[in-house]
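Structure, as structure tokens:
The values are calculated or read from the model by the stated rules, or taken from the named source; none is laboratory data. On a predicted model such as this, the values are computed, not experimentally measured, just so you know. Every residue, glycine among them, receives a Cβ derived from its backbone with ideal geometry; neighbour counts consider all protein chains shown. Note: areas computed on protein heavy atoms with side chains; ligands, DNA, RNA excluded. Shrake-Rupley method; radii C 1.70, N 1.55, O 1.52, S 1.80 Å.
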Amino acid sequence: IEPVIRDLQRCGLIKDAKEILVRNATFAEYANVIFDLERAANLATVHGYLDDVGIRYCGRYGDWGYMWTDDSFISGERAAQSILDEASS
């Protein structure tokens, strides 16, 4: 966790590590996004709530989609950019 925080600071994505409310890492050996008939409705509920409370989501588990590594990275860049755009407006 600490090396990630240092790199985020080095890249200018966060300024003060004291602002991080939760620090946690979990290894999910066999995790995968599950697609079922309720996916669209559930996704709208989860994303709607996160949008309402101002939490950005990204990547395979945040976007709730099957993504390759590069897709997940781009998703993270978009989430970060939206935060930067909001902060500058």
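Among the residues of the range 40-62, write down those that are in contact with a helix residue (DSSP H, G or I) (Cβ under 8 Å, 6 or more places away or on another chain) and either closer than 22 Å to LEU21 by Cβ or at pLDDT 95 or above (or both).
If the condition is that a residue be in contact with a helix residue (DSSP H, G or I) (Cβ under 8 Å, 6 or more places away or on another chain) and either closer than 22 Å to LEU21 by Cβ or at pLDDT 95 or above (or both), then ARG56, TYR57, CYS58, GLY59, GLY62 are the ones that fit.
Taking interchain pairs and intrachain pairs at least six residues apart, which have beta carbon atoms under 8 angstrom, with the first residue in the range 1-29 and over 17 Å from ILE83 (Cβ atoms) and the second at pLDDT 90 or above and open to solvent by less than 60 Å² (accessible area, probe 1.4 Å)?
Every condition considered, the pairs that remain are ARG23/ILE5.
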